[in-house]
Every structure is written in C-alpha cells, then in structure tokens.
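> Would you mind keeping the following structure in view while I ask a few things?
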Amino acid sequence: MQVPASFEYRRAESVADALALLQRFGEEARVIAGGHSLLPMMKLRLARPEFLIDINDLHELDYLRLEGGELRIGALTRHRGLLESELVGRHFPIFHDAERVIADPPVRNRGTIGGSLCQADPAEDLAAVCAALRAIAVVLGRGGRRAVPMEEFYRGPYETAVGAGEMLVEVRVPIRANAGSAYRKVERKAGDWAVAAAGAALALDDGGRIGWAGIGLAAVGTSMVGYRRAEQALLGREPSEPAFAEAGRIAAEDCDPLTDTRGTEAYKRHLAGELTRRALTRAAERAAAAAGEDG
Ligand SMILES: Cc1cc2nc3c(=O)[nH]c(=O)nc-3n(C[C@H](O)[C@H](O)[C@H](O)COP(=O)(O)OP(=O)(O)OC[C@H]3O[C@@H](n4cnc5c(N)ncnc54)[C@H](O)[C@@H]3O)c2cc1C
C-alpha cells in the first residue's frame, strides 16, 4: 500500500490566511488545490511536505472575468470551469481544445489551473496552452503581487518562479484583436497524458498577414516555452500551409523529446512538427473568422 509520509494539515480560511501559513512554515509547506498531482507524488514519497495548506475554501480564487484587456483566471479555477465557460471559448478556444483531452471528468472536476501550472510537469497541457498565449502568472508573497511572464515562470521540470512563502493567485491572458488559437494532442488512449501536443495562437494584422504568433509544446522537452524561432518564421507572412509547415519543421528541430514508454524520440519529434502545423492551421481559421466578425 502506498501511503504518504506524515504531515500536518491546515485549511486556509482566506488568501491572507494561506499566505500567513505559507510564510510561517516556509520550505516545509505546500499548497494543495485539486490534489491530483500532489497526492500521487506524496504517496510515492516523491514529495514529503510537512505542512499541507488546503486552499479549496478560497472561492475568491475561483473566477473567470475580462478586465484590463485580459482574461483573468483565478488560480483555483477547475479544469471543468474552463471547459464549460462560454467566455473562455469565445476568446480562447485553445482552452476548450485542451480541456476536452485532459484526463477524465473526475480529474477535471477537481484539478485547477493553478495546480497545473505550479506542478510544472513538462507534459502538462494547460502549461503549453499558457505558453502559446503568453499568459502572465500573478504570484503573491510577502512583498505583494508580482507578474511573471510564462517564459520566466518555468525554471525547469517541476520548478517554477513561485518561491517558499508564495502562491500563484491568478493567470492573465492578453486579448488580441483578430486572433485565433488551437490545441492538438496525440495520446495513447482517451484521458492519457500527451505523447506530444502543440498549442498555437495567431493574430492577424490589418492586411490579413500574421502580426503575432505564439507556440507552446507539451511532452517534447523540459520546457513548453521557447519556440521563438518557429514564431518568428511566421511573422509578416500570409497564413498559409507552407508557412505553417515551415514553423512546424522548426518547432520539431527545436524541441527536445526523450524516448520513453509513450514513444521514441523520433516519433515525438515528428508529432511535434505535425501537431504544430495542425494547431496553426486551425488557429488561422479561427483568427480569420474573428477578423471577419471584428471588421
Ligand atoms: C489520472 C490523471 C490523469 C491526468 N491527465 C492529465 C492530462 O492528460 N493532461 C494534463 O495536463 N494533466 C493531467 N493530469 C493532471 C491534472 O491536470 C491535475 O489537476 C493538475 O496537474 C494539478 O492540479 P491540482 O489542482 O490537482 O494540483 P495539486 O495536485 O493540488 O498541486 C500540484 C502542485 O501545485 C502546487 N500548487 C497548487 N496550487 C497552487 C497555487 N495556487 N500556488 C502555488 N502552488 C500551488 C502544489 O503545491 C503542488 O506542488 C492528470 C492527473 C491524473 C490524476
């Protein structure tokens, strides 16, 4: 039987209370949200926090709203909330594409965006989505709030910019005009983690060319961010299959997959390129539709 090492459990009553507990117990404390990643790690003794700070009563961290030209997502927003939100689907269909293929309903009912990003598993789908969208993580600590771009949020597998005594409270996604986004994933069976996956976001300029591009990949390297070369190759071009195929080829070159039980390095690299191409193609269709509506 797998059982975690012993720990003390505290249920935070407010964000201020959670923060005070985190600061009191320092390195030995961990936040628990949905528990779908942390509890398995504790049972395997890969994580041994001495204090668990439960944030599930902090309903003030469970929200989706538009503010300041951004979609603001509270850290305790569940996968299910993202999947069922019309607001999210209207502005960022990439979230719906991804949520449909994350795990199964029991996991989606409990798992949170905060937990997904803070877990920093290189196969985490929402992390690739947030990388493609250039989301900003809002981290709360002793000195107040600080905004951390996704490129800086990831410090490596299972490591983020959230330090001891801090917590992630919000994810902000900038809304761009004439924009579209999409996510494509290959999994071995329904509900499984990705063999490989790609998220893409595009914004068209007034002439219908690609004015901005974001790409994030899951399960093909230690980081979901850092596909700048592929993004740059798209800028100023007509949205077209040759452009998307080239970006896919560059993303495949720049990723860093490992052979494991889900597939060989070569297969995953091939998937990275093909899924990037497909995600870009769908994102461009959605951007063209948005441009039609906006214009
Ligand atoms: C069977 C199964 C299948 C799955 N399949 C997939 C899949 O296909 N794709 C996918 O992307 N994910 C998958 N997951 C993971 C799932 O999405 C989890 O919900 C997610 O990884 C973690 O969210 P959580 O809220 O459960 O986090 P928790 O397990 O509660 O926490 C995870 C980590 O984040 C920290 N943390 C949580 N919230 C905060 C916060 N606000 N501030 C600071 N630190 C915080 C915790 O301390 C912990 O270190 C799967 C999980 C399971 C059990």
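The values are calculated or read from the model by the stated rules, or taken from the named source; none is laboratory data. The shown structure was predicted, so the numbers you read here are calculated from the model rather than taken from an experiment. Because the Cβ atoms are built from the backbone with ideal geometry, glycine has one as well, and the counts that use them run over all protein chains shown.
> List every residue pair whose Cβ atoms lie under 6 Å apart, where the two residues are 6 or more positions apart in sequence or sit on different chains, the first residue falls within the range 204-222 and is without any contact (Cβ under 8 Å) to a residue 40 or more places away in the chain, and the second residue, located anywhere, is part of a strand (DSSP E or B) and of a type in the set (Lys, Arg).
Matching pairs, first to second residue: none at all.
> Can you spot a residue in the range 142-149 that is in contact with a helix residue (DSSP H, G or I) (Cβ under 6 Å, 6 or more places away or on another chain) and hydrophobic (A, V, I, L, M, F, W, C)?
No, the range 142-149 contains no residue that is in contact with a helix residue (DSSP H, G or I) (Cβ under 6 Å, 6 or more places away or on another chain) and hydrophobic (A, V, I, L, M, F, W, C).
> Would you mind stating whether Leu46 is modelled with pLDDT under 95, within 13 Å of the ligand (Cβ to nearest atom) and over 18 Å from Leu168 (Cα atoms)?
Numbers: modelled with pLDDT under 95: yes; within 13 Å of the ligand (Cβ to nearest atom): yes; over 18 Å from Leu168 (Cα atoms): yes.
Spelling it out, Leu46 is indeed modelled with pLDDT under 95, within 13 Å of the ligand (Cβ to nearest atom) and over 18 Å from Leu168 (Cα atoms).
> Spot the failing condition for Asp57; the list is (1) near the ligand (Cβ under 10 Å from one of its atoms); (2) farther than 19 Å from Lys185 by Cβ, and only one is missed.
It fails just one condition, (1).
> Would you check which residues across the range 49-63 are in contact with a Gly (Cβ under 7 Å, 6 or more places away or on another chain) and in a helix (DSSP H, G or I) and list them?
So in the range 49-63, the residues in contact with a Gly (Cβ under 7 Å, 6 or more places away or on another chain) come out as 61-63.
Result: Leu61, single match.
> So, Arg90, is that one closer than 30 Å to Gln2 by Cβ, in the same structural domain as Val107 (by TED's automatic domain parsing) and in a helix (DSSP H, G or I) or not? Quick ask: steps written out before the conclusion?
Working: closer than 30 Å to Gln2 by Cβ: no; in the same structural domain as Val107 (by TED's automatic domain parsing): yes; in a helix (DSSP H, G or I): yes.
No: the conditions fail for Arg90.
> Another question, if that's okay. Residues to consider are Leu46, Leu39; find the one that is in contact with a Pro (Cβ under 9 Å, 6 or more places away or on another chain) and part of a helix (DSSP H, G or I).
Working: Leu46 fails: part of a helix (DSSP H, G or I).
Result: Leu39 is the single residue among Leu46, Leu39 that is in contact with a Pro (Cβ under 9 Å, 6 or more places away or on another chain) and part of a helix (DSSP H, G or I).
This table checks each residue for (1) assigned by TED's automatic domain parsing to the domain that holds Ala123; (2) farther than 21 Å from Asp121 by Cα.
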{"residue": "Ala20", "(1), (2)": "no, yes"}
{"residue": "Arg24", "(1), (2)": "no, yes"}
{"residue": "Met42", "(1), (2)": "no, no"}
{"residue": "Ser85", "(1), (2)": "yes, yes"}
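> Could you please give the count of residues in the range 4-20 that are outside any loop (DSSP other than H, G, I, E, B) and in contact (Cβ under 8 Å) with a residue 24 or more places away in the chain? Let's see the steps before the verdict.
Quick first cut of the range 4-20, residues outside any loop (DSSP other than H, G, I, E, B) only: 8-11, 15-20.
Now drop any that are not in contact (Cβ under 8 Å) with a residue 24 or more places away in the chain, which leaves 8-11, 15, 18-19.
The qualifying residues number 7.
> Further question on the same structure: Any idea which residue in the range 144-175 is nearest to the chain's Cα centre (by Cα), counting only those that are within 12 Å of the ligand (Cβ to nearest atom) and outside any strand (DSSP E or B)?
Filtering the range 144-175 for residues that are within 12 Å of the ligand (Cβ to nearest atom) and outside any strand (DSSP E or B), the one nearest to the chain's Cα centre (by Cα) comes out as Phe153.
> Please find, among Leu82, Leu66, the residue that is buried (at least 19 other Cβ atoms within 10 Å of the Cβ) and either away from the ligand (no atom under 12 Å from the Cβ) or part of a helix (DSSP H, G or I) (or both).
On the way: Leu66 fails: buried (at least 19 other Cβ atoms within 10 Å of the Cβ).
That would be Leu82, the only listed residue that is buried (at least 19 other Cβ atoms within 10 Å of the Cβ) and either away from the ligand (no atom under 12 Å from the Cβ) or part of a helix (DSSP H, G or I) (or both).
> I've got another one for you. Sort out which residues of the range 104-141 are in a helix (DSSP H, G or I), near the ligand (Cβ under 7 Å from one of its atoms) and out of contact with any helix residue (DSSP H, G or I) (no Cβ under 6 Å at 6 or more places or on another chain), and write them in order of number. Can you show your working first?
The first filter runs over the range 104-141 and keeps only residues in a helix (DSSP H, G or I), leaving 105-110, 113-119, 125-133.
Filter once more, keeping what is near the ligand (Cβ under 7 Å from one of its atoms): 107, 110, 114-116, 118-119, 125-126.
The answer is Val107, Arg110, Gly114, Gly115, Cys118, Gln119.
> Ok, one more. If you check every pair at least six apart or on different chains, which have Cβ atoms under 7 Å apart with a residue in the range 137-162 that is free of Cβ contacts under 8 Å to residues at least 24 places away in the same chain first and a residue that is part of a strand (DSSP E or B) second?
If the second residue must be part of a strand (DSSP E or B), the pairs left are Arg146/Val139; Val148/Ile136; Val148/Ala137; Val148/Val139; Pro149/Ile136.
> Looking only at the range 176-229, which residues are within 16 Å of the ligand (Cβ to nearest atom), crowded, with 21+ Cβ neighbours inside 10 Å, among the hydrophobic types (A, V, I, L, M, F, W, C) and in a strand (DSSP E or B)?
Matches in the range 176-229: Ala194, Val195, Ala196, Ala197, Ala198, Leu217, Ala218.
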